[in-house]
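The values are calculated or read from the model by the stated rules, or taken from the named source; none is laboratory data. Everything quoted here is computed from the prediction, not taken from an experiment. Cβ placement follows ideal geometry from the backbone for every residue including glycine, while neighbour counts extend to all protein chains displayed.
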Amino acid sequence: MYEQAITEYRTAVQLGDLPEETRGLLGHAYAISGNRADAEKVIAELKALWPTHPRAALDLAVVYSGLGDKDSTMSWLQRASEKNVRDIAGFSRDPHFTDLRSDPRFQELVRQVGAPQGSQE
């Protein structure tokens, strides 16, 4: 259902709904569907928003997680934390970051941010 999700996210981006967050979700959908070229375009768009729009850091982390790039994901999560991005507190339960939960860097960031731990159910 990646194509359907991509279509919906594209529409949301065009409508201007939560521009950084929606771009992050679109980029993640591109990445996990194997469309690296379009995921990279979204990364470029989000980087153009950074640092004026601090939320872009969290959304860049979402896209990089879809690409399986743990180092870049962690780097952007750290930047989101440093900018006190409002939604950073929930990142420890975000399913986009499941593959990082055993990473000591992720666990340290969870501790620093004071984010809730464990799975979301």
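Just one residue in the set Ala48, Ala61, Ala44, Ala89 is within 10 Å of the chain's Cα centre (by Cα) and farther than 21 Å from Glu3 by Cβ; that residue is Ala61. Scanning the range 35-44 for residues that are within 25 Å of Arg86 (Cβ to Cβ) and out of contact with any Gly (no Cβ under 8 Å at 6 or more places or on another chain) returns a single hit, Ala44.
Quick one: in the range 1-43, of everything that is closer than 17 Å to Thr73 by Cβ and of a type in the set (A, V, I, L, M, F, W, C), which residue is surrounded by the fewest Cβ atoms within 10 Å (Cβ to Cβ)? Of everything passing the filter in the range 1-43, Ile32 is surrounded by the fewest Cβ atoms within 10 Å (Cβ to Cβ). Of all the numbered requirements in (1) within 22 Å of Thr11 (Cβ to Cβ); (2) surrounded by fewer than 21 Cβ atoms within 10 Å (Cβ to Cβ), Leu60 misses one, and that requirement is (2).
The residue list Arg105, Arg93 contains one member that is of a type outside the set (Ser, Thr, Tyr) and modelled with pLDDT of 95 or more, which is Arg105.
Given the criteria touching a residue at least 24 places away in the same chain (Cβ under 8 Å) and surrounded by fewer than 21 Cβ atoms within 10 Å (Cβ to Cβ), does Phe106 qualify? Steps first, please.
On the way: touching a residue at least 24 places away in the same chain (Cβ under 8 Å): yes; surrounded by fewer than 21 Cβ atoms within 10 Å (Cβ to Cβ): yes.
Yes: the conditions hold for Phe106.
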